[in-house]
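Single-structure report; data block below.
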Amino acid sequence: SQQGEEDPQALSIQEGENATMNCSYKTSINNLQWYRQNSGRGLVHLILIRSNEREKHSGRLRVTLDTSKKSSSLLITASRAADTASYFCATGENTGGFKTIFGAGTRLFVKA
Amino acid sequence: EPEVTQTPSHQVTQMGQEVILRCVPISNHLYFYWYRQILGQKVEFLVSFYNNEISEKSEIFDDQFSVERPDGSNFTLKIRSTKLEDSAMYFCASSGQPYGYTFGSGTRLTVV
């Protein structure tokens, strides 16, 4: 089955810098979502971009989607220590069953 | 802010025992899901549920698993005869539209 795969697996930056995480997937999708997870706790939905959209913004988050390359990126601008978490891309399947498949995640560490 | 509530937060059970994990989704949501995350691994799709029936299930969701929405508010996951490898965090999620989930904080299941 298709899966989003994030790159890099881990990222360490200074507070104030931008963080970019990439995601690739294998088959056609209905949408792509990004989630954040703090230390094994529940996942928090950040943003959903539909397959016919190319870019979406939400606060300090910017997501792009390139369906021709089957890839997406999440940019967090002006990062803060509180952004330290794991970030997952998740692809919404076109199977009619409302299934979302999660990637392995990128662990982001923002140093104060 | 409406939230998805899961109980218990931690359950320890003996191998071979049945467990029921409980979830109260957001009240006006129509789509319900169970996911699990083995420690340090990916978030894995188990099942999606809509219109009082399973929409889709994964290979993990075998005959040992079942879901129910017994009273219009609770959404339960039952594991009939637990195995050691069922030890994981189990996350319930709900959404008003397909995709873009609100997750609960999870139940940590430990099978001994």
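Each reported figure results from applying straightforward, stated rules to the coordinates on display, with no laboratory input. Here the structure is a predicted model, which is why all the values come from computation and not from measurement. In this analysis, Cβ positions are derived from the backbone assuming ideal geometry, glycine residues included, and neighbour counts consider all displayed protein chains.
For the range B:1-63, what is the Kirkwood hydrodynamic radius in Å, using each pair of distinct C-alpha atoms?
The answer is 13.7 Å.
To the nearest 20 debye, what charge dipole does the protein assembly as shown have about its Cα centre, counting +1 at the Cβ of each Lys and Arg and -1 at the Cβ of each Asp and Glu?
Charge dipole of the protein assembly as shown: 380 debye, to the nearest 20.
How large is the direction-averaged shadow of the alpha-carbon convex hull of chain A, in nm²?
Approximately 6.6 nm², given one-decimal rounding.
Going toward the positive end of the dipole of the range A:27-112, with +1 on Lys and Arg Cβ and -1 on Asp and Glu Cβ, which of A:Leu32, A:Thr95, A:Gly105 do you reach last?
A:Gly105
Roughly how big is chain A's charge dipole about its Cα centre, with Cβ charges of +1 (Lys, Arg) and -1 (Asp, Glu), in debye to the nearest 20?
Approximately 160 debye in magnitude.
Relative contact order for chain B: what percent, with Cα pairs under 8 Å and sequence separation of 6 or more?
Values: 271 pairs, mean separation 44.2, N = 112.
After rounding, I find 39 percent.
How much net charge surrounds A:Asn94 when only the other residues with a Cβ under 14 Å from the Cβ of A:Asn94 are counted, with Lys and Arg +1 and Asp and Glu -1?
Surrounding charge for A:Asn94 is +2.
Over the range B:5-111, what lengths in whole Å, largest first, do the semi-axes of the equivalent ellipsoid take, defined as the square roots of 5 times the eigenvalues of the alpha-carbon gyration tensor?
21, 14, 13
Where does each of B:Leu77, A:Leu11 land when they are ranked from fewest to most other beta-carbon atoms within 10 angstrom?
Ordered by Cβ neighbours within 10 Å, fewest first: A:Leu11, B:Leu77.
Where does each of B:Thr7, A:Thr100 land when they are ranked from fewest to most other beta-carbon atoms within 10 angstrom?
In order of increasing Cβ crowding within 10 Å: B:Thr7, A:Thr100.
Enter the mean number of other protein chain beta carbons within 10 Å of the beta carbon of each residue in B:41-47, as an integer.
Numbers: counts 2, 8, 12, 2, 8, 1, 2.
Mean partner shielding for this stretch: 5.
If you take the square roots of the eigenvalues of the alpha-carbon gyration tensor of the protein assembly as shown and sort them as a ≥ b ≥ c, do you get rounded (a/c under 1.5), prolate (a/b over b/c) or oblate? Show your work: numbers first, answer last.
On the way: a/c = 1.87, a/b = 1.50, b/c = 1.25.
Prolate, because a/c is 1.5 or more and a/b exceeds b/c.
Averaged over its residues, how many other protein chain Cβ atoms are within 10 Å of peptide A:97-109's Cβ atoms?
The mean count of partner-chain Cβ atoms within 10 Å per residue comes to 5.
Counting pairs of alpha carbon atoms under 8 Å apart in space and at least six apart in sequence, what relative contact order in percent does chain A give?
38 percent
Considering only B:Glu68, B:Glu44, B:Glu59, give the residue with the highest GNM mean-square fluctuation for chain B, with springs between Cα atoms whenever their separation is below 10 Å.
B:Glu59
Please arrange B:Tyr101, B:Tyr50, B:Tyr31, A:Tyr87 by how many other C-beta atoms lie within 10 Å of their C-beta, fewest to most.
B:Tyr50, B:Tyr31, A:Tyr87, B:Tyr101
Please report the spacing between the Cα centers of the range A:7-86 and the range B:1-29 in Å, no decimals.
First find each Cα centre; the distance between them is then 28 Å.
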